[in-house]
Each structure stands twice: as C-alpha cells, then as structure tokens.
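The values are calculated or read from the model by the stated rules, or taken from the named source; none is laboratory data. All values derive from a computational prediction rather than experimental measurement. All Cβ positions, even for glycine, are placed from backbone atoms using ideal geometry, and neighbour counts span all protein chains on display.
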Number of protein chains: 4
Amino acid sequence: MKRKICIVLTVRGNYAKMKSIMREIKNHSNCELQLVVGGAVILHKFGNPVNIIEADGFEISEMVHFLVEGGKPITMAKSTGLAVVELSTVFENLRPDIVMAIADRFEALAVAVAASYMNIPVAHLEGGELSGSIDESIRHAITKLSHIHFVATQKSKERVIKMGEDPQNVYVVGSPTIDLIRDLNLDLDFDVFEKYGGVGAFISVTKNNYIVVSQHPVTTEYEQAGEQIQETLHAINDINMPTLWLWPNMDAGTDEISKGIRKFREKYQPSHIHFFKNFAFEDYAKLINNAAVLVGNTSSGIRESAYLGVPVVNIGTRQNYRERGENVIDVGYNKDEIKEAIKKQIAHGKYSSNHLYGDGHAGEKIAEILSTCKISVQKRLMY
Amino acid sequence: MKRKICIVLTVRGNYAKMKSIMREIKNHSNCELQLVVGGAVILHKFGNPVNIIEADGFEISEMVHFLVEGGKPITMAKSTGLAVVELSTVFENLRPDIVMAIADRFEALAVAVAASYMNIPVAHLEGGELSGSIDESIRHAITKLSHIHFVATQKSKERVIKMGEDPQNVYVVGSPTIDLIRDLNLDLDFDVFEKYGGVGAFISVTKNNYIVVSQHPVTTEYEQAGEQIQETLHAINDINMPTLWLWPNMDAGTDEISKGIRKFREKYQPSHIHFFKNFAFEDYAKLINNAAVLVGNTSSGIRESAYLGVPVVNIGTRQNYRERGENVIDVGYNKDEIKEAIKKQIAHGKYSSNHLYGDGHAGEKIAEILSTCKISVQKRLMY
Amino acid sequence: MKRKICIVLTVRGNYAKMKSIMREIKNHSNCELQLVVGGAVILHKFGNPVNIIEADGFEISEMVHFLVEGGKPITMAKSTGLAVVELSTVFENLRPDIVMAIADRFEALAVAVAASYMNIPVAHLEGGELSGSIDESIRHAITKLSHIHFVATQKSKERVIKMGEDPQNVYVVGSPTIDLIRDLNLDLDFDVFEKYGGVGAFISVTKNNYIVVSQHPVTTEYEQAGEQIQETLHAINDINMPTLWLWPNMDAGTDEISKGIRKFREKYQPSHIHFFKNFAFEDYAKLINNAAVLVGNTSSGIRESAYLGVPVVNIGTRQNYRERGENVIDVGYNKDEIKEAIKKQIAHGKYSSNHLYGDGHAGEKIAEILSTCKISVQKRLMY
Amino acid sequence: MKRKICIVLTVRGNYAKMKSIMREIKNHSNCELQLVVGGAVILHKFGNPVNIIEADGFEISEMVHFLVEGGKPITMAKSTGLAVVELSTVFENLRPDIVMAIADRFEALAVAVAASYMNIPVAHLEGGELSGSIDESIRHAITKLSHIHFVATQKSKERVIKMGEDPQNVYVVGSPTIDLIRDLNLDLDFDVFEKYGGVGAFISVTKNNYIVVSQHPVTTEYEQAGEQIQETLHAINDINMPTLWLWPNMDAGTDEISKGIRKFREKYQPSHIHFFKNFAFEDYAKLINNAAVLVGNTSSGIRESAYLGVPVVNIGTRQNYRERGENVIDVGYNKDEIKEAIKKQIAHGKYSSNHLYGDGHAGEKIAEILSTCKISVQKRLMY
C-alpha cells in the first residue's frame, strides 16, 4: 500500500515551497500525492495560482474555501476556524496517512489542528525558525501538534528538539525552494510584462538595472501597515530606478497596503514602477537573481537570496531573528534608512552563494523519509 | 482602568478549576471578570452546570454554542473550528485585556487561537504537564500560543521553560481546585440522592462503605471506549459495593461509553450502582474524601486525591506521565486488575495528605499576578 | 449521460420517505443515485439509522456533520447555517444534476439554499401541505427555492400553484411511504424486543392489545415540550396497557422531552412501557397496523394510518391543518382529553383504508419524472 | 416598552434603502433602533460604507463578518451559511422584537432564516417584485419566512397576497429611497473627484454632458460576467463621453467584472472614464439626476430614475419583469445595441416624473406600522 501524503496549499508562496516535494512524492514508488488547494491559491485577486499548479501537471484532489473577507485579526481567526471545519471534511474524504503543515501562516495551524485531532500524523515543514509576529507563535504551536519535523537548518533542529520533540523525528533537509533554483538557468530569459501583464508604468528591465519590492503586512502591526508601506513607496520613488513591485499576501493589513499602493499610484503616477500579482517561483528567482537589489520583508530575501547572493534591504520586524547571510542589510520603516541601504547594496553588487538554507535536495529527502518513517500518533514531551 | 480578564468555561470540570480564580478576580480591585460559558456547560445532557455557576453569584457575559454532535474525531475538529468562529465574535464584543485558556481540552486550543490571533494576551492554566492522548499535544500547543503560564508544580514550570517560554512569565501557583478544598468541612453532610437525583439503584452511602467511579473516553483510543468501560463495569459489578458513578465528559468516545453503560444497566440492572450527571465540585470533594476508593481515569484521582489522601485506582492511559502521589495504583483496561487494585486500596484506607499540587492559595496568586504583570503580545522563543 | 440525483437524509423519518424513491432511482436506466447522510442519521443517540440504510444495499456518497448541540432555536439556526456550509462542499464534490429537498425540517431548507444558490435544480417532496409551527414557513420557503414539486395530494398541488409555481412542474405522486406498505405482509411477524432492544419494562405485545406512542417537540412551543410530554406520560400511565414508546426526533425541545421521559421513568418505573430509539419503517408499519391505537403527533398518524386504517389520537398543534381521514381524533395537551380519546379509539377498532395520501406508486412516478423532465434553473413567479 | 427593531445592513445599497426608515425608527417614541452592519458594509474594498453611516449619526450595535472570499456560487452559499451562524448570535445578544430583512440579496435570506428559526418576527422590505436571477427565488423564499410585508407597489402587494400571505400584514409603502430624494436639492453642487477620489481619467462633469454606468454581475450568469462587461466597456469607449463608472457589488461574478474592468483600463487607458467605489446615496441621486443617461443594470435605473425621469439604458436580465416607467430602454449584452440605445436616450433627454415606486413617505409609514402592528410568530398559508 502506498502512503497517501496530503499537501494543502493556501497561498501562492506555498507552491514554491512544496513544488519539489510534490514532484518527488508524486514520483515516489511508495507514495501517493493528495493535493488540496484553497484560500488565496484559488482567488482571482491573488492571480489564481491554481492554474499554474495544474499546468505543471499536478492534479487537484479537493478545493477548500475558508477565507472570511476583512483582512483583520478577527477575520484571520474566523478564517482559521472555518478552515478547520472545511479541512476536517477533506481529510475524512481523502483519509491521508500523513498531512503536511507548511511553515507558519494562520491557516497552517488549521491544517495541523484538523489532522492531529483526527489522529492523522502531521509532518511540519520549516519548524524551529524565529521570525517575530504571530507567525512565531503559530509555528511553534504547529510543532507541538506535529509528529515529523522537516527543518531547514541545524539551528532549527536544535530548537525543535529543545521544545521537547523526539530527535528521531526531526530531519534537517534545507529549504525546498533551493531545489527549484539549483538546476535552473537563472538568466533573464523572458519578458516579464508580456508574460505577467501587471499594471503601472512600462519600464525597461535588464540585468542589474532594476529593483524588486515585496513587502507584506506584519500581522501584529497590521494597523500600521498603511503607514509602513508609505515609507517604502516614497523611498523607491526617490531612488527612481525601474522597479518591479509585488502585491502583498492576504493577511490582516493587506487591505491597508493595497489601499496605500493604489492611492500612491493615483497621486504620483510613478513612471518607473510596475505592479504584479504573482510570478511562477522560477521566474521570480530569475528576477531577483538579476535585480540590483531586493527590497521589502519577504522571506525570499533571507533564504533564496542567500543561495543566490542577491543584495537585500530587509525592512522592519517580519524577518526578525531569522538566520541570515551577509547579503542582508536590515532597516526600519523609515524612508531615509531604506534609501541609504538600497544605494549601499546597489553599490556592492552580488554576494557569493551561501548554503545556509540548503543544497537543493530537500524534496528527495522529504519524500524518502515520508515513505518509510515510523509514525506514532501518540506524542510525548521528551523531558 | 481595571484589567478585563475573560474566562471561558466549556465543560463542568472547568468550573471547579476556575472557581477560586473567578472569585478572586471578581473581588480584586484592579480586575473585572468577563465570564463566557459554552459547550457542555450549557447543555441539559451534561446537567446544565451554568445554573450552579449563576447560583454561586457569577454573572454570565456571553454564551457560545459550538459543539457539533457526533462525539467523533471529525466532530471534535469541527467543534474546535466552530468555537474559533464563535469566540472571535465574543472577544470582539468583550474586548478583554487577557483571556484565560484552561488546561488541555480540544476547545481550550480554540480559546487560545482566537485570542492570540486577535492580539489578546493569553494566560494558560496547567501547562507543562504530561498526560498522553491528544490532550498532550493540545496542552503544549496552547503553551506556545500563550503569554502567561500558571503551572501547578515545579516540574511543570521546568518543562514550560524548556519549551522556550520566558521564565519571567511562568508562575508556579498549584492547582486551584485545592483552594476549594482547603477551608471546606469535608464530612458527608448532605444526601447525594436528594440533592442530585441521578438514576439507578437506591443505595446506602456512608463513610468508607462506597466506591466513586469516573471514567472518561481517551480521545486517541475512542474506538475502544465502549469495550474499555465494560471492564470497569464488570469489575464494579463483581465487587458489589455501593457505587456512585459519574457520566463521562463529552469527547470523542462519549457516546460509546454512554451506550455501554446504558446497555449494562438494562442487562444487569445492578442493585448497587447509582449514576449521576454532575456534582458541585465541593460535594464531589466530600464524596471522594469519604469514599473507600476512587476508580477511573479522572485527573481528580491524581490532584485533589493527593491532597485529600484518597485511595485511587487509575485505569489506562489517560493520566499517563502525570506526577502522582503514593495514593495511586495504576492498572490497565482489565477487569481482574481493576478488581484486585480496588480490594488493595480498600484494605489500605486513607493516605496522608500530599501538597504536590498546591497549598490552596492558587486563586489569590493568579488574580494578583494578572492584575499587575507586564504583558507583551509579541512572543519570542528563548533560545 | 445518466442524470445524477442527490438525496440528503438527515433524520430517520427521511429514510422511510425516500426509500422507494431511492430504490427506483437506483434501478432507473437514466438515473444515478447520490446518497448523502448526515445529522441524526449518523448519530448513535438516534440509533445510527445509516446502518440500516447500508444494510438495505444503498451506498453512501458523503457524510455531513452539522448538528450543533443544544436543542434550542439558536442551535437549530446554527445547525442550518453549518449545514449550508457543509452541503455546498458536498454538492461541489458530487456535482448532481438535481438535488432533492425533503418536506419541511429545518435542515431541509439548508439543502434547498445550498443547491439553489449553486444553480443546481431542486426537487421538493411534500410541498403545499399545511402543518403549523416553523415547519409551515420552512416548507413554503423551500417551495419558492425549488424547481420541481412532488406533492402528495391534489389540494397540495393547488396550493403550490397558487403560490406562483409553474403548473408544469408540479406533480401529484402521493406519499412515497405508502409504497413501502403496499406490498408488505403487515402481520406482527417479528419480536420487537429481540430485534430492537430498547429500554424499559418487558411487556407482552399482541394484535390490538398495545398502544404505540410517538410524540415530537413542536419547535414554536419548544419551551413547553417538557410539560406537554408529562400529559401524555400520565395518560398512558393511567390507561395501563402495554405501550411501545418512540424517542423524539432531534429538534428544539428534544432535550426537554427526553429529560421528561427519563424523570418519569425513574419516578414511576412504569411496568407496561418500553422505549425504543428507532424502527425500520416496515417494522414500524407492522407495529402501528396491529396497535389498538397510535398516540402522539407523528405525521404517520395522518398519512400511513389513513391508508392502514389505524385509530389515531393526535395531540396538539404539530399536525394542524394537515388533511386527515376519519381515523384521527384530535386532542389538546391534556391528560384527560388524551385518555378519553384513547379509550374511544380502542373501542372503535380499525377504520377502512383511505387513499388520501397515495396508492403506493410514488417512487416509480418520481424516478421517471426526474429522468426526463425539462429543467430551467431560472424560476419565475407565474403572475 | 419600546419595540426593538433590528436592521441588518450588508451592502452599500442597503443603506440608501433603509436610511429614511432607520431615521424614523430612531426618532419614533415607541421604537428603538438596533443596527447591525456586516458583509461589504465593513470592507475597505467596497469603500467601508459604515463610516458614512456612523457619520450620519447612527450607532452600530454589532458587526458581523460572514463573507467567504471567492465570488462564486459555492462561496455565496457558504457566506449565507456563515451569516446564519453569526446572525443567530447577534439576535441572541440583541433580543429584537422585529428583524427587518431587506429585498433579495443572498444574505438577506440568512437574516430571515436566523430570525424566523429563533421565533423572532421578520418584516420584509420589497417583497412581491419580479426580477429574474436567483434573487427572484430568494425574495419569495424570504416572503414565506416573513410576518410583515412592506411592498413598493400595488402589483407587488397583489403578488405577496397571492403567494398566501395574510392581506392584513401586507402594506404598500413605496420605495424608501424616494424618501431621500424628495426634499433634496438635486443640483450638481459638489465636486465628485474631490469628494470621492476614485481612479482613472480626470474628466469634466457638467449637467447632461456625462454618462453614469453601474453594472453588477447576474448570479445565474456569473460565468459570463467577464464577457458581459466587455460589451458595455467597448460601447462606452466608442461613445467617448465623460463617464462616471461604479464598481460592482460583491456577488458571484464580481471578480470577473473587476478583472474585466482592470484589464480594459490597462489596455485602452480610456481618457474619458473615471471609476468610483461608492457614493453617498444623495450624491448618487444628484449624479444620475444630471446625467445624460444612466447605463447598466442597477435597480436605481428602474426605481429612482422613474421618480427623477432619468433616461436609462438597462442591460440584460437583472431587472427583468420589474415594473418600469417609460424612461427605460432595455437592451441585450451587445455593444451595438447598447450604443444605439445610449444615443437615443441622450437625444430624448429627461422624462417626466413617475410615482410608480412611491411618493417619498415610506420611512414614516413603516416606522408607524412597526411600532403598533399586531404580530403572531405562527404563520399560516391563507388558502
């Protein structure tokens, strides 16, 4: 009997994280992939990433709708509750042997709750990291509900074990997004405007002449999200280089950021910024690999950029405490600080590659472990 | 401004745990009590404990209905999801400064999720304990979502700190149920049949001549719950002493236990067993204090019985790994083992009092700490 | 392509109503049966009727859990809301061509809402009847959401058309439970205690020497449900004939009735009453066919009893305004009225058969119509 | 005791409908207004209309979050289910004497279900109308759950009575939006760009020189919503007059329309169209009163425009069967038809006022009736 491994994707970033894992599970002789998509992955306004996933040859097992509109803490809570209600039905229908919970988003906890309450073993990806914000609490709570732990770094492993998990169930596999980058031709070999449309100015984009911006709301500071984005917008406006700007993830504070960006656009009509909803991860990797600098608070500035050596300006608290390479300059929500750091990074240029977050074989390792590992539903604190 | 402390009671056992805390918060000059009741606390079939609570002078702020019928893992998950949906509205209405999450039941996690996602600090009671079953995972997951920790024992404190919580926020206060017992006249000074009705044989109950049974389903073994209860029923039937039997908590497996008991009653019509839905905690303390032996898997066999020196036969895995006094004999789900242990305990009689789970001042300590402690919503793993 | 007909059973009475329809759909060359079970049909405490359904050879497509515990109007509303949430997922998974909504229970409206909102045609069984209570409103609201109407009587057809439905879509088919009775040997050819267990006194049951009682809560009078049942209990106690008593349906007021019955049993320990959770419809038909009198407020007293000529004492408002045969005596919630009517009916004995509710071919007619009828999702008031 | 009248606003158009009613209830000596807001009324992306409501002096009693993201039939159903779950809590907290259900949106049925199931009388506004789409079914289903009916026209009254409602409970009051228009100075006395911002071209707007467009998705045709809006966009582009364009309501199909508009804007960058999220109703009335023509499928083209004599081009099926004045030209989803009709209406100019939908005193009449009418929770079909 093949082991049925259920993966739940709820936000576009999940797909890049899981793609190599999904591929390896699908191709593994002792595993069967069950793919559930929901949340932002099936919403137009986030670019309907499910289309890309299906185009890549993955079959969807079930769709779940659980996002309650509002983008506020109360709706984040309600969405999570509704996700547990919906996912329990999905797990009843699919009867997986293992469910994977990804990282630290609010709905990832819903995945872990529904599965563990139904006595289905949970495998958690990217436990043991530090970040700040409510994600920090969610990530560790998922660890305590999970039975198997796939962590990115040795330090993360140590933290997961310190939290009382059985060392036999904690595996350092690196960050699976590095898998996607490893064999990729990282040249700018496509026309981003033709392929992705987007809105805003029509700009020229060539190696090292442009900036990429990706800034998400910090859920514990969601009321400041609107002001925070203004600092970045004005900094980028002053720098006045061609800029590719990604819309934020859905989260408490998303509406404030979206509104802030829209108002800014209407008022300043910036002639050097183009906005995008979504990129295939591979294209995103090419774009940041060839950018003069990556600005914002995306985790890709910490992980993939370490591997690629991309100069990064990391803004605010969202990536606090995450292990980082020498390619990152940290700044506050302050236009001048941001500007200065951008200039410094442009002047520095590319850094050398750092394998802090893996060597590009995470997917293979994970599929192999999932196909063979011993699993006990009953957990026990190891002290 | 008084601090608004919100307590959510969802099962009859919660009330005994929280009563001294509620009283101290209500009477504290810098605190305001917000009392939310829901789940089994407002159900007829569990004796509608809310009536006792109101009779004791506590005012109900809001009621929440979230229990999805079924008593299976999937409905336990759905109930938890619905509880998050409902409690987020409650917290939006009440705007508490601190929410208390109690111990380790499935809906306790819903309390912690709803509050922490809404940036409301969570104070957790009874973290750091070991127990087995899904409760074990739930308890530690709540710890990771909580900001203040009130633990019963020094060992629990050490575990909570090892899990990465800030030692400054972990307080050993003992078990608050001991507070209720401390000043109580523990004689059998009431007629249990007159006061509580119940169903079954009319038996004579005097000091040391009777047994108390309280056995709940173990959620990870819920499919065996029906068989497990048979062993206990037959053991008690063979012993043939007057027995006061408490119906189980609602949980995955409750229906199996209830059905098992009902069938047994119909078939054997035991002339020495009387069944009860609910006792006020104080009356329950008197009943176990004067019992020849307490049988089952209730946590009161571990905690209150240690303080009272009650001889206990603890069945199965539900209290695994919980620190216990010398008053407890552990047995498996086996009629003969159970019978033998009961006889041994009856022969031994009362044990001396053990303060392992507190000295009876937990409520005061907790109210005082809640009224003054510094709180930061942002958590951080302490390593 | 076969038409996929989805039937949702949520309470034990649904199965008897739908059994001949389900059988005919299953056997029809142009139809495929999709069977969804949920609510009380999958609960232990209502006898888990799903087991009977599967034993009869029907395959379950999906299970839905939506009943929120409480038995109060607010939980009836919440259960309905949750049913819409759950059923929309089921319909998305099954993609039926037609969904059947049954009669007038609170969750039947959830079936009609979920399907009609998802542009799936709804076929309604038993529209156009009058009954009183919230069922009255629910039934007609379902009519307004439905596209095809299968009614029991000519008068019901007239009412549905008056409400503005297209006469082309209204079909008089009779009551499908009559189908089950038509070819049945209606003798008392089984031992009800051996087959169904139940609880209570062990009594002798032979043709015409016993009473059957079936009394459900009236949702608009749910607060009186406890008192109402007392009148019936005392009347039956006084009559002192062997009595087979059926537990009530789940509904606002169920807990009050259950509690009333339990208390009565404890107090009076009646030696001539035996209580049952559930009968296969066929056995139930045999039991009422041979009873001296059927007492309560079940619709079977109005429909099947007309066909069978069973003497009926109908209590209270639940069957108000429903067309009835000469076999029914209506009484209030009053012990003396009930007693007197019971005596009168016992004295009268069997009535002659009345085809007011059909001739026993409803299932065939419905399956044939569903397999061929033209369906437009867009409705229009016909005036 | 004042009667507590609960009004639930879930979409911006609700406020204009209810404003005069809310004002009259608030000022009535025997009524107390309970105002619940939710859905699109509290969402940024629909302009957060709650701010306008509070600025007008109305106090919010409770907020409800129930919209599940997706804009598809399945999420419309789920949103409705979640609305019932949420509103039942609201009604439990507020304990209204009467709840008002407005017109025919999907969540209006949730209001009627939650209230009627909880035995709270429902007053329905705008029953008895004909429209096409699922709204048609929803409206009549609400009628069957409602106890008091406030209809706009004599014909609507006849239909409601034909559906079996008690004539004593059906009141012709006209359309309450006419109340708001009656005493208004209808000149263009404000700068729409300054007051409302919006996005798009900066255009000159003077009496009769501009077009207003408002086109919503038709839920039964939601998959065509994207194509349908293209026809209108191209027609308006060809006409090339200054145009004020309103974003659509949230509904199945909204995302398609929004996407269609955004793509069109990016591709054609039309220099004569400006897009708006929301207007205060009074300003909207001024804008259509001075427009050369109103284009789309908004009900204001049928009701308010009749009173104001605004030339209207009504597109598609959304307003089918609604009584209309001579000021309306109906066309299909066809660029050329739309263009021709726009030209014809511009050539014709203003029509004379038609009181088909009321005389401007609806609010007073409704408040007076609600304060005094006899109410029975038990309904009965009147034939």
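Out of all the residues in region C:298-329, which are among the polar types (S, T, N, Q) and either over 17 Å from the mean Cα position of the chain (by Cα) or modelled with pLDDT of 95 or more (or both)? Working first, answer last.
Taking region C:298-329 and keeping what is among the polar types (S, T, N, Q), we get C:298-300, C:305, C:314, C:317, C:319-320, C:327.
Correct list: C:Ser305, C:Asn314, C:Asn327.
Which residues, taken from region D:273-309, are closer than 17 Å to D:Pro242 by Cα and aliphatic (A, V, I, L, M)?
Scanning region D:273-309 gives D:Ile273, D:Leu287, D:Ile288, D:Ala291, D:Ala292, D:Val293, D:Leu294, D:Val295.
Tally the residues that are within 14 Å of another protein chain (Cβ to nearest Cβ) and either over 18 Å from A:Phe275 (Cβ atoms) or not in a loop (DSSP other than H, G, I, E, B) (or both), restricting the search to region A:205-228. Walk me through it before giving the result.
Filtering region A:205-228 for residues within 14 Å of another protein chain (Cβ to nearest Cβ) gives A:217-226.
Right, trim to either over 18 Å from A:Phe275 (Cβ atoms) or not in a loop (DSSP other than H, G, I, E, B) (or both) and you get A:218-226.
Adding up the residues that qualify gives 9.
Any residue in region C:103-125 that is within 21 Å of C:Ile161 (Cα to Cα) sitting within a Cβ distance under 7 Å of a residue that is assigned to a loop (DSSP other than H, G, I, E, B) and among the hydrophobic types (A, V, I, L, M, F, W, C)? List the pairs, counting only those 6 or more apart or interchain.
So the pair list comes out as C:Pro121/C:Ile375; C:Pro121/C:Val377; C:Leu125/C:Ala103.
Quick test of your reading of the structure: A:Trp247 fulfils all but one of (1) on the phi > 0 side of the Ramachandran plot; (2) at pLDDT below 95. Name the failing condition by number.
(1)
Of all residues in region B:75-90, how many are closer than 17 Å to D:Phe66 by Cα and either aromatic (Phe, Trp, Tyr) or within 20 Å of the chain's Cα centre (by Cα) (or both)? Give the steps one after another, and end with the answer.
Applying the first criterion (closer than 17 Å to D:Phe66 by Cα) to region B:75-90 yields B:81-90.
The next check asks that each one be either aromatic (Phe, Trp, Tyr) or within 20 Å of the chain's Cα centre (by Cα) (or both); those that pass are B:83.
Residues meeting the conditions: 1.
Select, from C:Ala341, C:Ala347, C:Ala367, the only residue that is assigned by TED's automatic domain parsing to the domain that holds C:Ser116 and of a type in the set (Gly, Ala, Ser). Full working, then the answer.
On the way: C:Ala341 fails: assigned by TED's automatic domain parsing to the domain that holds C:Ser116; C:Ala347 fails: assigned by TED's automatic domain parsing to the domain that holds C:Ser116.
Answer to the check: C:Ala367.
Quick one: what pairs do we get from region D:142-163, first residue free of Cβ contacts under 8 Å to residues at least 12 places away in the same chain and on the phi < 0 side of the Ramachandran plot, second of a type outside the set (Val, Ile, Thr) and not in a helix (DSSP H, G or I), C-beta under 9 Å, 6+ apart or different chains?
As it stands, the answer is D:Lys162/C:Met163; D:Lys162/C:Gly164; D:Lys162/C:Leu381; D:Lys162/C:Tyr383; D:Lys162/D:Gly128, since those pairs meet every condition given.
Out of all the residues in region D:240-248, is one or more out of contact with any Pro (no Cβ under 9 Å at 6 or more places or on another chain) and more than 28 Å from D:Ser133 (Cα to Cα)?
Looking only at region D:240-248, we keep the residues that are out of contact with any Pro (no Cβ under 9 Å at 6 or more places or on another chain), and these are D:241-242, D:244-247.
Pick out the ones that are also more than 28 Å from D:Ser133 (Cα to Cα) and you get D:241-242.
Yes, region D:240-248 contains a residue that is out of contact with any Pro (no Cβ under 9 Å at 6 or more places or on another chain) and more than 28 Å from D:Ser133 (Cα to Cα).
Taking region A:125-144 as the search range and keeping residues that are part of a helix (DSSP H, G or I) and at pLDDT 95 or above, which one is surrounded by the fewest Cβ atoms within 10 Å (Cβ to Cβ)? If you could, list the steps in order and put the result at the bottom.
Of the residues in region A:125-144, the ones part of a helix (DSSP H, G or I) are A:133-144.
Of the ones still in play, those that are also at pLDDT 95 or above are A:137-144.
Numbers: A:Ser137: 27, A:Ile138: 28, A:Arg139: 24, A:His140: 27, A:Ala141: 28, A:Ile142: 29, A:Thr143: 29, A:Lys144: 26.
Looking at residues that are part of a helix (DSSP H, G or I) and at pLDDT 95 or above, I get A:Arg139.
Pull up region B:42-63, narrow it to residues that are within 22 Å of D:Val85 (Cα to Cα) and part of a helix (DSSP H, G or I), then point me to the one that is nearest to the other protein chains (Cβ to nearest Cβ).
B:His44
Check D:Arg12 against each of (1) surrounded by fewer than 24 Cβ atoms within 10 Å (Cβ to Cβ); (2) within 30 Å of C:Val377 (Cβ to Cβ) and name the one condition it does not meet.
Answer for D:Arg12: the failing condition is (1).
Cβ-Cβ under 6 Å, sequence separation 6+ or interchain: first residue in region B:250-267 and more than 10 Å from chain C (Cβ to nearest Cβ), partner part of a helix (DSSP H, G or I) and among the aromatic types (Phe, Trp, Tyr). Which pairs?
B:Ala252/B:Tyr222; B:Gly253/B:Tyr222
In region A:143-166, what residues are more than 8 Å from chain B (Cβ to nearest Cβ) and either closer than 19 Å to B:Ala112 by Cβ or basic (Lys, Arg) (or both)?
A:Ser146, A:Lys155, A:Lys157
Let me spell it out: the conditions are (1) more than 8 Å from every other protein chain (Cβ to nearest Cβ); (2) surrounded by 24 or more Cβ atoms within 10 Å (Cβ to Cβ); (3) under 21 Å from B:Ile369 (Cβ atoms), and B:Glu107 meets all of them except one. Which number is the exception?
(3)
Every residue, every condition in (1) touching a residue at least 60 places away in the same chain (Cβ under 8 Å); (2) not hydroxyl-bearing (Ser, Thr, Tyr), yes or no:
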| site | (1), (2) |
| --- | --- |
| B:Val328 | no, yes |
| B:Ile338 | yes, yes |
| B:Tyr351 | no, no |
| B:Asn354 | no, yes |
| B:Tyr357 | yes, no |
| B:His361 | yes, yes |
| B:Lys365 | yes, yes |
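Among the listed residues D:Ala306, D:Ala362, D:Ala291, which satisfies the condition of being surrounded by 24 or more Cβ atoms within 10 Å (Cβ to Cβ), out of contact with any helix residue (DSSP H, G or I) (no Cβ under 9 Å at 6 or more places or on another chain) and within 30 Å of D:Lys195 (Cα to Cα)?
Working: D:Ala306 fails: out of contact with any helix residue (DSSP H, G or I) (no Cβ under 9 Å at 6 or more places or on another chain); D:Ala362 fails: out of contact with any helix residue (DSSP H, G or I) (no Cβ under 9 Å at 6 or more places or on another chain).
Just a single option satisfies the conditions, and that option is D:Ala291.
Restricted to region A:191-209, and to residues that are among the small types (Gly, Ala, Ser) and more than 23 Å from A:Ile342 (Cα to Cα), which residue is nearest to the chain's Cα centre (by Cα)? Reasoning before the result, please.
So in region A:191-209, the residues among the small types (Gly, Ala, Ser) come out as A:197-198, A:200-201, A:204.
Now restrict to residues that are more than 23 Å from A:Ile342 (Cα to Cα): A:197-198.
Values: A:Gly197: 22, A:Gly198: 21 Å.
Selected residue: A:Gly198.
Look at B:Ile369 and say whether it is farther than 30 Å from A:Ile138 by Cβ and either within 14 Å of chain A (Cβ to nearest Cβ) or assigned to a helix (DSSP H, G or I) (or both). Don't jump to the end; show me each part of the working.
Values: farther than 30 Å from A:Ile138 by Cβ: no; either within 14 Å of chain A (Cβ to nearest Cβ) or assigned to a helix (DSSP H, G or I) (or both): yes.
Considered against the rule, which asks whether it is farther than 30 Å from A:Ile138 by Cβ and either within 14 Å of chain A (Cβ to nearest Cβ) or assigned to a helix (DSSP H, G or I) (or both), B:Ile369 comes out as no.
Determine, yes or no, whether A:Ser376 is within 14 Å of another protein chain (Cβ to nearest Cβ), under 30 Å from A:Asn119 (Cβ atoms) and small (Gly, Ala, Ser). Give the steps one after another, and end with the answer.
Working: within 14 Å of another protein chain (Cβ to nearest Cβ): yes; under 30 Å from A:Asn119 (Cβ atoms): yes; small (Gly, Ala, Ser): yes.
Judged against the criteria, A:Ser376 is a match.
Kindly indicate whether any position in region A:149-159 is touching a Lys or Arg at 6+ places or on another chain (Cβ under 9 Å), among the small types (Gly, Ala, Ser), surrounded by 14 or more Cβ atoms within 10 Å (Cβ to Cβ) and not assigned by TED's automatic domain parsing to the domain that holds A:Lys350. Please lay out each step first, then the result.
Taking region A:149-159 first, the residues touching a Lys or Arg at 6+ places or on another chain (Cβ under 9 Å) are A:149-152.
Within this subset, residues satisfying the condition of being among the small types (Gly, Ala, Ser) are A:152.
So of that shortlist, the ones also surrounded by 14 or more Cβ atoms within 10 Å (Cβ to Cβ) come out as A:152.
Filter once more, keeping what is not assigned by TED's automatic domain parsing to the domain that holds A:Lys350: A:152.
Within region A:149-159, one or more residues are touching a Lys or Arg at 6+ places or on another chain (Cβ under 9 Å), among the small types (Gly, Ala, Ser), surrounded by 14 or more Cβ atoms within 10 Å (Cβ to Cβ) and not assigned by TED's automatic domain parsing to the domain that holds A:Lys350.
Starting from residues that are facing chain B (nearest Cβ under 10 Å) and not in a loop (DSSP other than H, G, I, E, B), keep the ones in region A:110-124 and report whichever is surrounded by the most Cβ atoms within 10 Å (Cβ to Cβ). Working first, answer last.
We begin by selecting, within region A:110-124, every residue facing chain B (nearest Cβ under 10 Å); these are A:110, A:112-120, A:122.
Right, trim to not in a loop (DSSP other than H, G, I, E, B) and you get A:110, A:112-117, A:122.
Numbers: A:Ala110: 34, A:Ala112: 27, A:Val113: 32, A:Ala114: 30, A:Ala115: 29, A:Ser116: 27, A:Tyr117: 28, A:Val122: 25.
For region A:110-124, the residue satisfying everything is A:Ala110.
Give the residue that is nearest to the other protein chains (Cβ to nearest Cβ), with candidates limited to residues of region B:91-100 that are assigned to a helix (DSSP H, G or I) and over 24 Å from the mean Cα position of the chain (by Cα).
B:Glu92
D:Leu43 versus (1) under 27 Å from A:Lys259 (Cβ atoms); (2) surrounded by fewer than 19 Cβ atoms within 10 Å (Cβ to Cβ): which is the lone unmet condition?
(2)
Can A:Phe66 be described as in contact (Cβ under 8 Å) with a residue 12 or more places away in the chain, more than 22 Å from C:Val85 (Cα to Cα), touching a helix residue (DSSP H, G or I) at 6+ places or on another chain (Cβ under 9 Å) and in a loop (DSSP other than H, G, I, E, B)?
Details: in contact (Cβ under 8 Å) with a residue 12 or more places away in the chain: yes; more than 22 Å from C:Val85 (Cα to Cα): no; touching a helix residue (DSSP H, G or I) at 6+ places or on another chain (Cβ under 9 Å): yes; in a loop (DSSP other than H, G, I, E, B): yes.
No; evaluated as a whole, the condition is false for this residue.
Evaluate region D:237-249: report whether one residue or more is in a loop (DSSP other than H, G, I, E, B), touching a His at 6+ places or on another chain (Cβ under 8 Å) and buried (at least 22 other Cβ atoms within 10 Å of the Cβ).
Just the residues of region D:237-249 that are in a loop (DSSP other than H, G, I, E, B), to begin with: D:240-242, D:247-249.
Remaining after also requiring touching a His at 6+ places or on another chain (Cβ under 8 Å): D:240-242, D:248-249.
Of the ones still in play, those that are also buried (at least 22 other Cβ atoms within 10 Å of the Cβ) are D:248.
Yes: one or more hits.
Restricting attention to region B:90-103, does a residue exist that is modelled with pLDDT of 95 or more, crowded, with 24+ Cβ neighbours inside 10 Å, of a type in the set (D, E, K, R) and assigned by TED's automatic domain parsing to the domain that holds B:Ser61?
Checked against the condition, which is being modelled with pLDDT of 95 or more, crowded, with 24+ Cβ neighbours inside 10 Å, of a type in the set (D, E, K, R) and assigned by TED's automatic domain parsing to the domain that holds B:Ser61, region B:90-103 yields no hits at all.
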